[in-house]
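So the structure is just underneath, and the comments pick up after that.
The values are calculated or read from the model by the stated rules, or taken from the named source; none is laboratory data. All figures in this text were calculated on a predicted structure; none of them were measured in a lab. Using ideal geometry, Cβ is built from the backbone for each residue, glycine included, and neighbour counts are taken over all protein chains shown. Surface areas here come from the heavy atoms of the whole protein model, side chains and all, with no ligands, DNA or RNA. Shrake-Rupley method; radii C 1.70, N 1.55, O 1.52, S 1.80 Å.
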Amino acid sequence: MGAKAFGLDIGGSGIKGAVVDLGTGRLVGDRYRLPTPLPACPAAVAETAAAVVSELGWSGQIGCTFPGVVRSGVACSAANVDPEWVGTNIETVIGAATGLAVVAVNDADAAGMAEAAFGAAAGHAGLVVVTTLGTGIGSALLYGGVLIPNSELGHLEIDGADAELRASVAARDREDLSWQRWAKRLQRYFETVESLLWPDLFVVGGGVSRKADRFLPLLSLRTPIVPAALRNEAGIVGAGLLAAGRPR
Ligand code: BGC
């Protein structure tokens, strides 16, 4: 087994951590998950994050995802966590709670890095748009494996509404949409993204990508669209890569 790193994935519903094998992109041992506290304010999230890290007995550097824009370790938006995060230095807050050095990145960017290193976008030379479908819609833009951070394509305004309010998994659950009706919204979403960016490949991640056969075949796009290979673990793996100073 090669070098290892710790990936911590802060999500709207769960805070998950695992040790990642940097040679294979696989998790080493078990993943540990605790529910995201409510309200998901910095102090409460940091305390839960510290409990996840200590459960797995990790004592090195941590790569940490956050479900909002992250610039130089600072949260700049918080669509699905407490607004108190905006302006908070994630690395400082999680670092103080765990006593460890932390590197923070947007959750979809972490997933994109993992897919580019080990998954569905590995070795792709062109423009890849990785989207994560969950509580929100996250996006990562990769060109030749290089990440362009904080693309935030889940907040494109489409037909007068914020895209993730209509096409996320949360929207599907909230409105109890059938796969067919949800796929219509995804169709509108992905065709808008492809008309703006002309990507070479879409990779679809998030927990729902396990059921990709239920909705991807219903989409009709000019861009190839495939499920994420690392499924819901891409965030943890990408965070681990980041912790090791290997952003791609
Ligand atoms: C946030 C993104 C995040 C995505 C998935 C969106 O609401 O703005 O930063 O990547 O949700 O969590």
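For K4, a cut-off of 25 angstrom between C-alpha atoms picks up these lysines, skipping any fewer than 8 places away in its own chain: K16. Distance between the pseudo-spin-label points of K211 and A96 (7 Å out from Cα toward the beta carbon): 4.1 nm.
Looking at the chain, the accessible area is 42 square angstrom per residue; that uses a 1.4 Å probe and ignores ligands, DNA and RNA.
Once you order the gyration tensor axes a ≥ b ≥ c over the Cα atoms, which shape class does the range 1-158 get: rounded for a/c under 1.5, otherwise prolate or oblate by comparing a/b with b/c? Here the range 1-158 falls in the oblate category.
Within the range 1-93, the trypsin sites (Lys or Arg not before Pro) that combine a DSSP coil assignment with at most 16 other C-beta atoms in a 10 angstrom radius are R26. Extent along the principal axes, Cα only, for the range 176-248: 41, 29, 17 Å, with the longest axis given first.
Within the range 6-106, what whole-number % of the accessible surface is contributed by carbon and sulfur, with the 1.4 Å probe and all protein chains included in the calculation?
Working: 2090 of 4120 Å².
C and S fraction of accessible area: 51 percent.
Averaged over residues, the count of other Cβ atoms within 10 Å places the peptides 209-217, 75-83, 62-70 in the sequence 62-70, 75-83, 209-217, highest first.
Computed extension gain for L34 through A161, at 0.36 nm per residue and net of the alpha carbon distance, reaches 42.5 nm. Element breakdown for the range 135-196 at a 1.4 angstrom probe: carbon and sulfur atoms account for 51% of the accessible area.
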